[in-house]
1. Considering only residues of segment 57-105 that are more than 30 Å from D4 (Cα to Cα) and without any contact (Cβ under 8 Å) to a residue 12 or more places away in the chain, which is nearest to the chain's Cα centre (by Cα)?
2. Take the residues in segment 255-298 that are among the β-branched types (V, I, T) and modelled with pLDDT of 90 or more; name whichever of them is surrounded by the fewest Cβ atoms within 10 Å (Cβ to Cβ).
3. Among the residues of segment 262-286, which ones are within 22 Å of C193 (Cβ to Cβ) and not hydrophobic (A, V, I, L, M, F, W, C)?
4. Would you mind stating whether P246 is modelled with pLDDT under 95, exposed (fewer than 15 other Cβ atoms within 10 Å of the Cβ) and closer than 30 Å to R130 by Cβ?
5. Might you check whether a residue that is touching an Asp or Glu at 6+ places or on another chain (Cβ under 6 Å), under 28 Å from R305 (Cα atoms) and not small (G, A, S) occurs anywhere in segment 42-55?
6. Check segment 71-87 and report whether any residue there is in a helix (DSSP H, G or I) and of a type in the set (D, E).
7. In segment 119-149, how many residues are under 16 Å from C166 (Cα atoms) and either surrounded by fewer than 17 Cβ atoms within 10 Å (Cβ to Cβ) or free of Cβ contacts under 8 Å to residues at least 12 places away in the same chain (or both)?
8. Within segment 41-68, which residues are surrounded by fewer than 18 Cβ atoms within 10 Å (Cβ to Cβ) and either of a type in the set (A, V, I, L, M, F, W, C) or in a loop (DSSP other than H, G, I, E, B) (or both)?
Amino acid sequence: MRNDRPGYQYRAKRDGTRVHYWNPQRAVKGASSALSIIRLPDDFTEEQICAECQRLTTQLRPEVRNAGNAPVFDGTISSLIKCYRHDKTSTLHGVKHSTRIRDYEPSLRILDKNVGDRDINALRASDFTRWFNGWRKKGKHRRATGAIKLLRLILSYGAGERLRGCKDARAILADMRFEQPAPRDVFMTYEQCLAIVKKSAELGCPSIGFVEAVKFETALRRIDVIGEWAPSEEGGPFKWTGLTAPRDLSRDMILSIKTSKTGAPVARDLKSYQLVVEALKAYSLPDIGPLVIDEDYGKPYWENRYATKFRTVRDAAGVPDNVWSMDTRAGAVSETVEATGSIEMASDLATHTTTKMTKKYSRGDRLETSRKIAEARNAKRK
């Protein structure tokens, strides 16, 4: 067993290559199970993997040793992040586990790694501008925006706790505006989703086709279809919650749930959807238990495992790599708007509370919608 890369683990892909990870529980004994596994860059060399595993482990050890003690604020951004993570009253502990892992933690790591040693009391507007521009130049505009968003949050937390320098730094940042990344204009089409459904069956992972078909036809979010693994509030073992049979899916194929984001009740007749019917030619629904199972492990999907397998199927199906799994929902909304000419119907399908949000999901040039509108106006004139 090698000891020069603590916490290292990998997953072999179908083509023989490896995906590299650093697992905090493997790296340091006693590390909380609530800590997320970090995926290392695919192009890392052996030396870079060792160096990064050692760096992350060295950073984690004192945190584990002091886990029972509240961190001490010494005026730096890094110490503020530690306080923010430790304090159960902070906003970090009020968001869903998936949101924390997907949005909060990556941005906090960027802040800690790049500017963690900076004295908050000495920060100026020019610092914030320089940091944002530097992160954005690396081709990570969305990540730069996310880091600034989390910086606002932790400074607000620090100001509320009356920590030195946080109130003034927050006031400076509050008056600043940063260029937002362009909204995504990509959406999955029916033809692309159908190709993914068929290819997933060929590759022996029809669960991917089933999930994407359900998302495209119902406009449900992925987490509402595959469920979620999350630790208990006490940081204990991860538990899965999600769609199960027969609780959420009746024998006559009526899916009834409450969405994870808004709690809105949703009922969908799966047998009325062409793509779902096609997907079910290869995917067998269980009579009891979780509806969606990862064929490789015989358990419900973890978020990162689903995303990885989706990309494999998408690429094999010939769908462009700029089409993401998240774009299936946008495809559902866009097709509904084009087919009906009604943003309200699309909003109802997507369970949006306002049509303003629906318009963000409705992509494309609206050509067919404009034609339907023109036909309706012409008919009225006659």
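The values are calculated or read from the model by the stated rules, or taken from the named source; none is laboratory data. Keep in mind the model is a prediction, meaning the values are calculated, not measured. Note that each Cβ is placed from the backbone with ideal geometry, even for glycine, and that neighbours are counted across all protein chains shown.
1. Within segment 57-105, the match that is nearest to the chain's Cα centre (by Cα) is T99.
2. Narrowing segment 255-298 to residues among the β-branched types (V, I, T): 257, 259, 262, 266, 276-277, 288, 292-293.
In the following step, the residues that additionally are modelled with pLDDT of 90 or more were identified as 276-277, 288, 292-293.
On the way: V276: 23, V277: 14, I288: 8, V292: 21, I293: 18.
Filtering segment 255-298 for residues that are among the β-branched types (V, I, T) and modelled with pLDDT of 90 or more, the one surrounded by the fewest Cβ atoms within 10 Å (Cβ to Cβ) comes out as I288.
3. Matches in segment 262-286: R268, D269, K271, S272, Y273, Q274, E278, K281, Y283, S284.
4. On the way: modelled with pLDDT under 95: yes; exposed (fewer than 15 other Cβ atoms within 10 Å of the Cβ): yes; closer than 30 Å to R130 by Cβ: no.
When the stated conditions are applied, P246 does not pass them.
5. Of the residues in segment 42-55, the ones touching an Asp or Glu at 6+ places or on another chain (Cβ under 6 Å) are 50.
Narrowing further to those that are under 28 Å from R305 (Cα atoms): 50.
Now restrict to residues that are not small (G, A, S): 50.
There is at least one residue in segment 42-55 that is touching an Asp or Glu at 6+ places or on another chain (Cβ under 6 Å), under 28 Å from R305 (Cα atoms) and not small (G, A, S).
6. So the first thing to find is which residues in segment 71-87 are in a helix (DSSP H, G or I), and the list is 77-86.
When the remaining residues are screened for being of a type in the set (D, E), the result is none.
Checking segment 71-87: not a single residue is in a helix (DSSP H, G or I) and of a type in the set (D, E).
7. Just the residues of segment 119-149 that are under 16 Å from C166 (Cα atoms), to begin with: 119-125, 127-128, 148-149.
Imposing the further condition that a residue be either surrounded by fewer than 17 Cβ atoms within 10 Å (Cβ to Cβ) or free of Cβ contacts under 8 Å to residues at least 12 places away in the same chain (or both) reduces the set to 119, 121-122, 124-125, 127, 149.
Matching residues across segment 119-149 total 7.
8. P41, D42, D43, F44, T45, C50, A51, V64, N66, A67, G68
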